[in-house]
């Protein structure tokens, strides 16, 4: 299992962001204070439009904040960093490349450490094996199911060995059975790599299955409204009673937030 420590991998301090509209400014989030510690899985939960994905993209350095500070390993983050990687809802695979080539692609980007041929092969092989796609290395994206394509997207990120894994609703477009299988796979990958994860979702059950902490984001006011710590051991598929009670509590808070 992944073991959390007190060392902060990601720190957000008084972070806020707003967009200019024809009627003035719209606040996306404000006064965000958050730490994700090494080996920890933190879930940002909330309804659509509450700023979860924008906050994740800002934490990745893909968007700029209007105030506050982002730190990765206690140092200011102002642009995308090779020590963090993000997986989106869409796999965004390159259709002219095979599974193997798509996974290897992320290792050939600028700012990545140079790997010799053998090191690259080992990285790709380990990543493909970890997401259970051995035997599909020569397949092209159009030959894959939605769940398999998302596995390739995850493998592409894992091959880079990031210290922080950012997940933006990566399974929300999948059917219920495939989503459940991907959630189980994610738990295995987190344990294998001892990953530090910040996951965005609107699925309460997904948050309860994988997270060590769940943060609820609201819209009025925008920002983090409440936090739950989940100390149950993983996997939690058999902890139905305890999860049911916690689910009820989170659902009640989410329903309250959505009415404001």
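Kindly establish whether residue 186 is assigned by TED's automatic domain parsing to the domain that holds residue 235 and crowded, with 22+ Cβ neighbours inside 10 Å. Yes, satisfied.
Residue-by-condition table, conditions (1) over 15 Å from residue 91 (Cα atoms); (2) over 15 Å from the mean Cα position of the chain (by Cα); (3) surrounded by fewer than 20 Cβ atoms within 10 Å (Cβ to Cβ):
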position	(1), (2), (3)
140	no, yes, yes
143	no, yes, yes
146	no, yes, yes
163	yes, no, yes
167	no, no, no
171	no, no, no
178	no, yes, yes
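Within the range 89-127, can you find the residues that are within 30 Å of residue 65 (Cα to Cα), buried (at least 17 other Cβ atoms within 10 Å of the Cβ) and at pLDDT below 95? Those that are within 30 Å of residue 65 (Cα to Cα), buried (at least 17 other Cβ atoms within 10 Å of the Cβ) and at pLDDT below 95: 89, 91, 106, 107. Which of the residues belonging to the range 121-138 are closer than 19 Å to residue 108 by Cβ and within 24 Å of the chain's Cα centre (by Cα)? Hits for the range 121-138 are 123, 124, 125, 126, 127, 128. Screening the range 1-87 for strands (runs of 3 or more DSSP E) wholly inside it with 2 or more residues that are free of Cβ contacts under 8 Å to residues at least 24 places away in the same chain returns the ranges 8-21, 24-37.
The values are calculated or read from the model by the stated rules, or taken from the named source; none is laboratory data. Being a predicted model, the structure only gives us computed values, none of them experimental. Note that each Cβ is placed from the backbone with ideal geometry, even for glycine, and that neighbours are counted across all protein chains shown.
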